[in-house]
């Protein structure tokens, strides 16, 4: 079960970065390549504690649905979203925000379990972990772009 940890340094306030990271609208913008769209639950605005969103996206040429729920929220410090329905056996995505000097460090800890047992583990090693890392980095680059532009 891979755990992807990323740190993104952003020259913007922690409050701005935090809100952009939980924005449904910005998420859709950052995932245009996979045609990701919010189709149920919270479909616009900022995710709040206890809310769910169902995404429809095209990954590996196949449209998929995934529902996640915000299970933890400490304003401007961290939040967690966890899959409740979808292709993965499970995932937990923790988002942490720390200020260092004039920057906010956004930390992603993405802990997921692929489906299909040994086949899923093989897919992780061959391509899925790299794919998910790239997906998160692209999303973070959009958050950084908008945060630094607004600041």
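The values are calculated or read from the model by the stated rules, or taken from the named source; none is laboratory data. Predicted, not measured: the structure shown is a model, and the values here were computed from it. Virtual Cβ from ideal backbone geometry, glycine too; neighbours counted across all protein chains shown.
Before moving on, here are some points about what is shown:
- Only a single criterion out of (1) assigned to a helix (DSSP H, G or I); (2) touching a helix residue (DSSP H, G or I) at 6+ places or on another chain (Cβ under 9 Å); (3) in contact (Cβ under 8 Å) with a residue 60 or more places away in the chain is not satisfied by residue 110, namely (1).
Okay, residues lined up against (1) touching a residue at least 24 places away in the same chain (Cβ under 8 Å); (2) over 14 Å from the mean Cα position of the chain (by Cα); (3) crowded, with 17+ Cβ neighbours inside 10 Å; (4) not in a loop (DSSP other than H, G, I, E, B):
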{"site": "6", "(1), (2), (3), (4)": "yes, no, no, yes"}
{"site": "15", "(1), (2), (3), (4)": "yes, yes, no, yes"}
{"site": "25", "(1), (2), (3), (4)": "no, no, no, yes"}
{"site": "29", "(1), (2), (3), (4)": "yes, no, no, yes"}
{"site": "44", "(1), (2), (3), (4)": "no, yes, no, no"}
{"site": "65", "(1), (2), (3), (4)": "yes, yes, no, yes"}
{"site": "70", "(1), (2), (3), (4)": "yes, no, yes, yes"}
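- Filtered residues of the range 133-147 (kept if out of contact with any helix residue (DSSP H, G or I) (no Cβ under 9 Å at 6 or more places or on another chain) and touching a residue at least 40 places away in the same chain (Cβ under 8 Å)): 133, 136, 137
- Subset of the range 110-127 that is under 13 Å from residue 89 (Cβ atoms) and in contact with a strand residue (DSSP E or B) (Cβ under 6 Å, 6 or more places away or on another chain) - its residue that is surrounded by the most Cβ atoms within 10 Å (Cβ to Cβ): 112
- Screening the range 130-142 for residues that are surrounded by 15 or more Cβ atoms within 10 Å (Cβ to Cβ) and in contact with a strand residue (DSSP E or B) (Cβ under 7 Å, 6 or more places away or on another chain) and picking the one that is modelled with the lowest pLDDT gives 132.
- Among the residues of the range 46-63, the ones that are modelled with pLDDT of 95 or more, exposed (fewer than 13 other Cβ atoms within 10 Å of the Cβ) and at negative phi come to 1 in all.
- Residues that are assigned to a loop (DSSP other than H, G, I, E, B), surrounded by fewer than 16 Cβ atoms within 10 Å (Cβ to Cβ) and either on the phi > 0 side of the Ramachandran plot or touching a residue at least 40 places away in the same chain (Cβ under 8 Å) (or both), drawn from the range 78-104: 101, 102
- One residue stands out among those in the range 31-42 that are part of a loop (DSSP other than H, G, I, E, B) and free of Cβ contacts under 8 Å to residues at least 60 places away in the same chain: the one that is surrounded by the fewest Cβ atoms within 10 Å (Cβ to Cβ), which is 35.
- Test result for residue 53, touching a helix residue (DSSP H, G or I) at 6+ places or on another chain (Cβ under 8 Å), in a helix (DSSP H, G or I) and within 20 Å of residue 135 (Cβ to Cβ): no
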